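The values are calculated or read from the model by the stated rules, or taken from the named source; none is laboratory data. If you're wondering where the values come from, they're calculated on a predicted model, not measured in any experiment. Cβ sites come from the backbone with ideal geometry, for glycine too, and all protein chains shown count toward neighbours. Calculation scope for accessible area: heavy atoms of the full protein, side chains included, ligands and nucleic acids excluded. Shrake-Rupley method; radii C 1.70, N 1.55, O 1.52, S 1.80 Å.
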Amino acid sequence: MWTLAVVVPLVFLAAFFAYPVAAIVARGFVANGALDLGGFADVLGDPRTWRVVAHTLEQAVAGTVLAVVLAVPGAYVLYRCSWPGRGLVRGLVAVPFVLPSVVVGVAFRALLASHGPLGFLGLDRSFPAIVAALVFFNYGLAVRLIGTVWERLDPRTEQAARTLGASPARAFLTVTLPALGPAIASAASLVFLFCATAFAVVLVLGGQRYATVEVEIWLRTTQFLDLRTASVLSVIQLVVVAVALWVSARARSRGERALRLVEAGRAVRPLRPLRSPVDAATAALTALVVALVALPLLTLVVRSFRRDGAWTLANYAALSGTGRAGGGGSALTVSVWAAAQNSLRIAVDATLLALVVGITLSLVLSRRPRRPFARRAIGALDSAVMLPLGVSAVTVGFGFLIALDRPPLDLRSSLVLIPIAQAMVAIPLVVRTILPVLRAIDPRLRQAAAVLGAAPGRVLATVDLPLALRSIGLAAGFAFAVSLGEFGATSFLARPDRPTLPVVIFRLLGRPGEGNYEMAVAASVVLAVVVGVVMTTAERLRPAGTGDL
Amino acid sequence: MTTTRTTRRRATGRTTGAALGALGATLALAACSLSSPSPSVTTETSDTPGSTATDGTGTAAPASSITLVTHDSFNVSQDVLDAFTAETGISVTMVAPGDGGALVNQLVLTKDSPLGDVVFGVDNTFATRAIDEGVFEPYTSAALPASAEQYLLGDALTPIDFSDVCLNVDLDWYEENGQTPPATFDDLVLPEYAGQTVVTNPATSSPGLALLAATVGAFGEATSDGTGGWIEYWEKLRDNDVLVVDGWSDAYYVDFSGGGGDGTRPVVLSYASSPPFTVGDDGTARTAALLDTCFRQVEYAGVIAGAANPEGARAFIDFMLSPEFQADVPGQMYVYPVDSSVELPADWARFAPLAPSPWTVPAEDIAAHRSDWIDLWASKLLA
């Protein structure tokens, strides 16, 4: 059974990720039937390559550090404290994560361009603009990953430290922060991968001047058919990602240990900004960040209600149509609502796939075998499941085309491939959401239950499940959101007769025609609302009938 | 101790068993959900190859099927496509795996195991690369109109439509600011038009590449040390504060003053067919294309070598040259039909005149120099 639990998800990842990626990368290293690694010398010898790698690292590190540093107080305010309207704000900060980055890029530029509301900052098409966008996209993710652990951290440990005379700062630094360490490392590694592989937003906001490895791979592959260079860059990207994952795994494993977890809600206390300076400071900072996150969203909402300088609902009414093209034609093959339906259906499939594979992997990864070999294998697997986030969507998309081209796996124009591609992106999120909680469960709880005569299934149902259920709900929300917003791999698999919501938004944006841009914005707002609702609902999933632990 | 360990091992064993059961069940569920028909399917021409979709009017089931590989801007009216299926008994499945560049590269990569039978959307900036790679089967359609012969590139590809990529000006802006709009490439580098132009990057956008090609046509090749010719012109543009952005949508909607946003630049890179979309309530277009700055992009269709249904592919190419399809082209794809006898939409006749003599560069020159041009351009313009 153990073997099967390891093998099934691995076969899935191998068939739909490792094999296609290896196939396309290998293409770049074969010239006239012979292995040719000369590309490495050429590409590594080109100073431009190092500039691109440096840009990637600078952007990703700056984006990650800023997002995570801001997310810690955010997680405290949004998850550890209770106050009216908290759920709404939680939903709001989750929205950017799935917005089509082309739309956000254009919205950001509209804010920052010299004539825009924030034009006086002079940030249009600059490095800070890119970093700000990366933080905008990933802040909500980091807040959630850290917050969901924090809200169940037993407050008594910190209270004990305080009783023994520790200052609030010292109690936080020596008790709470170490306990949150693994969750923070987890969040940081995910955010890093998302930042390092950001594509459209870098292109729109920074242009080729700030090209990242991801942008270069896209250019070399789709525009120049220079697979030799693209393959070398893909290998470089993998190395960067592997190093980042290794660092984060080290950080996690040092801090990862059984935590005292309590039922969500028991550790939460009201926010008291008037009485506690800590509450006041964190609340103020979080309010500022949330306002900055809300600003581009608000810009989109406002634009979605405007046409020709007047307020109108016409843009939303237009969603049941197919947009405008020249001479009375239409911009789309199906209405935006039909595309939304496709998106929802695909998202259900992608979520189920991601949850099944992700939960199975998490269960495997949460075990702590005694044999050193098994421990190392688990460590390696732990990092390997993150790789789908670290590989360019172009590489995966082109890999599908040349690897899955023969029966029994000729899936290139099959509708099945889209949810599979999206599940690939969601699986790392599912694992990183559920695993910290499973690992934090004190093994003695399970042992005690077993000793008292509980059958293994019952141990799972009464110990693991109630503690993990909330995370599973959250993971489902993430997977659903990822699927709804995914564009990269989907665009390579698109079937014009069955487009997804991000695909029609992209098409509307690329076609001149009265009202098409406004329609694209309205469709983005619809996407945002759906995601906000899904995320808020998903995390309300609570263990039914669990008493005190 | 031994007891505890055994218990634990057994526990994890069953845990995993339960999880795997769930895995199987969920995969089955997902498969169900995928294979169940969506409500919209029945109205579509075809879903899977060989399907016997009827369009509700009682048309006979198609005898065969083809897969059309195209780019993500392809569009055709459903009734026009249905007419093809009704006439020939061939149902059409479409796949659109990316933009024009990605399309050609995917054809090259999959030539041993073709993605479909017929391709539409290879343009003259990419065509030669694909022809040289041998991804097409020769076909000359008997339906080719005389007006399309000027666009032929050997016998591998059939021209279907074309468009002129041109700089557009915001007429309202010039009227409000009491200035005469620029008309030529040379005007754009004059001091009075400084800071007025926004264009797109040739590496990341196809109109950007077309503009670069137009300047190559207008100013000639650069010398081997990367000076003179077109690059000298671009340096003048740069010195006159041209703005380069990466995609058509942010150039048009963010920076262009006539794009509905709050943009400040009255000159933008777009198409000769863009002005009809800015026709206001007074019945006149608020923008105009500068017809001395155009590059003509021609889009081709071809039979994919190794096609499963080459006969069907040829029939589809003939269909694309038919008056019905040609007349559908402007409304669906913003391009001009290659058949000049086809009537254009009324607005187009008034506001979207074609460039009388667009700048041209031979397709093989573009294929040969594309990378060098873009690299040189990027080194001077983005530095």
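Per the 1.4 Å probe, what fraction of the accessible area of chain A, in percent, lies on carbon and sulfur atoms? Walk me through the numbers on the way to the answer.
On the way: 13810 of 20380 Å².
Carbon and sulfur together cover 68 percent of it.
Give the residue from A:Gly457, A:Gly390, B:Ala213 lying farthest towards the positive end of the charge dipole for the protein assembly as shown; charges sit on Cβ (+1 for Lys and Arg, -1 for Asp and Glu) and the dipole is referred to the Cα centre.
Farthest towards the positive end: A:Gly457.
Between chains A and B, what is the buried accessible area in Å², counting both sides, with a 1.4 Å probe and ligands, DNA and RNA left out, to the nearest 100? Could the numbers behind the result be given before it?
Numbers: alone 23830 and 18170 Å², together 35040 Å².
Summing both chains' loss of accessible area gives about 7000 Å².
Quick one: dipole size for chain A, taken about the Cα centre, charges +1 on Lys/Arg Cβ and -1 on Asp/Glu Cβ, in debye to the nearest 20.
Working: 50 positive and 27 negative charges, 312 e Å.
Computed about the Cα centre, the dipole is about 1500 debye.
Could you pull the accessible area for A:Phe136 with a 1.4 Å probe, rounded to 10 Å²?
10 Å²
Starting from the residue with the highest accessible area, list B:Glu343, A:Glu514, B:Glu137 in decreasing order, probe 1.4 Å. Don't skip to the end; give the middle numbers.
Details: B:Glu343 155, A:Glu514 80, B:Glu137 55 Å².
Most to least solvent-accessible, the answer reads B:Glu343, A:Glu514, B:Glu137.
With the solvent-accessible surface defined on protein heavy atoms using a 1.4 Å probe, which residues belonging to the stretch B:265-287 display a reduction of at least 50 Å² in accessible area in the multichain context relative to the isolated chain?
Going by heavy-atom accessible area, the residues of the stretch B:265-287 that drop by at least 50 Å² are B:Phe277.
Based on the mean of other beta carbon atoms within 10 Å per residue, what is the order of A:168-180, B:304-316, most packed first? List each step's numbers first, then the result.
Details: A:168-180: 15.8, B:304-316: 19.6.
In descending order of packing, they fall as B:304-316, A:168-180.
Take peptide A:511-519, look around each residue's Cβ out to 10 angstrom, count Cβ atoms belonging to other protein chains, and average those counts. Kindly include the intermediate steps, with their values, before the conclusion.
Details: counts 7, 15, 4, 6, 2, 4, 6, 2, 0.
Mean partner-chain Cβ count within 10 Å for A:511-519: 5.
Charges on Cβ only, +1 for Lys and Arg, -1 for Asp and Glu, centred on the Cα centroid of the stretch A:46-291; of A:Leu57, A:Leu245, A:Phe199, which one is farthest towards the dipole's positive end?
The residue sitting farthest along the positive end of the dipole is A:Leu245.
At 1.4 Å probe size, with the rest of the protein present, what percent of the exposed accessible area of the stretch B:298-383 is carbon and sulfur atoms? Walk me through the numbers on the way to the answer.
Values: 1860 of 3490 Å².
Roughly 53 percent, rounded to a whole number.
Accessible surface of A:Tyr210 in the full protein assembly, 1.4 angstrom probe, to the nearest 10 Å²?
Spelled out: A:Tyr210, probe radius 1.4 Å, area about 50 Å².
Just from the alpha-carbon atoms, what are the Rg and Dmax of the stretch A:46-291 in angstroms?
Computed over the Cα atoms of the stretch A:46-291, radius of gyration and Dmax are 20.2, 66 Å.
Suppose we compare each residue of the stretch B:73-97 in its chain alone and in the full protein complex with a 1.4 Å probe; which ones drop by at least 20 Å² of accessible area?
Hits at the 20 Å² cut-off: B:Ser73, B:Asn75, B:Met94, B:Val95, B:Ala96, B:Pro97.
When only the heavy atoms of the protein chains count and the probe is 1.4 Å, how do A:His55, B:His369 rank by accessible area, highest first? Display every interim value, and only then the final one.
Numbers: A:His55 35, B:His369 65 Å².
The ordering from most to least exposed comes out as B:His369, A:His55.
Suppose accessible area is computed on protein heavy atoms with a 1.4 Å probe; arrange B:Asp282, B:Asp318 from highest to lowest. Provide the component values of the computation, followed by the final result.
On the way: B:Asp282 120, B:Asp318 55 Å².
Output order, biggest surface exposure first: B:Asp282, B:Asp318.
Using the heavy atoms of the protein chains and a 1.4 angstrom probe, tell me the accessible area per residue for the protein assembly as shown in square angstrom.
About 38 Å² of surface per residue is accessible.
How much net charge surrounds B:Ser147 when only the other residues with a Cβ under 14 Å from the Cβ of B:Ser147 are counted, with Lys and Arg +1 and Asp and Glu -1?
Values: positive: B:Arg296; negative: B:Glu149, B:Asp161, B:Asp339, B:Glu343.
Computed value for this residue: -3.
Any idea what diffusion coefficient the protein assembly as shown gets from Stokes-Einstein, in µm²/s, Kirkwood Rh on alpha carbon pairs, 25 °C, 0.890 mPa s?
84 µm²/s
Where Lys and Arg each count +1 and Asp and Glu each count -1, what net charge lies around A:Arg109 among other residues with Cβ under 14 Å from its Cβ? Can you show the working numbers first?
Numbers: positive: A:Arg125, A:Arg303, B:Arg265; negative: A:Asp124, B:Asp246, B:Asp250, B:Asp255, B:Asp262.
Summing Lys and Arg as +1 and Asp and Glu as -1 gives -2.
Using the Karplus curve 6.51 cos²θ - 1.76 cosθ + 1.60 with θ = phi - 60°, work out ³J(HN,Hα) for each residue of the stretch A:188-193 in order, rounded to whole Hz, and write x for Gly and Pro.
With coefficients 6.51, -1.76 and 1.60, one gets 4, 5, 5, 4, 4, 5 Hz.
Could you run the Karplus curve 6.51 cos²θ - 1.76 cosθ + 1.60 with θ = phi - 60° over the stretch B:83-92 and give me ³J(HN,Hα) per residue in whole Hz, x for Gly and Pro?
4, 4, 5, 5, 6, 9, x, 10, 8, 10
Applying the Karplus parametrisation 6.51 cos²θ - 1.76 cosθ + 1.60 with θ = phi - 60° to the phi angles of the stretch B:136-145, what ³J(HN,Hα) value in whole Hz is obtained for each residue in order, glycine and proline being reported as x?
Each residue's phi maps through the Karplus curve to give 10, 9, x, 7, 10, 7, 5, 7, 4, x Hz.
Kindly work out what percent of the DSSP beta bridges joining two residues of the protein assembly as shown are antiparallel, to the nearest 5. Each step should come with its number before you reach the end.
Numbers: 30 of 47 bridges.
Rounded to the nearest five, the antiparallel share is 65 percent.
What does the highest-first list of B:223-233, A:516-526 look like by mean Cβ count within 10 Å? Please report the intermediate quantities before stating the final value.
Working: B:223-233: 14.8, A:516-526: 26.0.
Final packing ranking: A:516-526, B:223-233.
Using a 1.4 angstrom probe on protein heavy atoms only, which residues from the stretch A:434-466 are buried by at least 30 Å² of accessible area when all chains are present rather than their own chain alone?
A:Gln447, A:Pro456, A:Leu460
Can you list residues from other chains, or at least 5 along the same chain, whose modelled amide H is less than 5 Å from the amide H of B:Glu133?
Those qualifying (amide H under 5 Å, at least 5 residues apart or on another chain) number zero.
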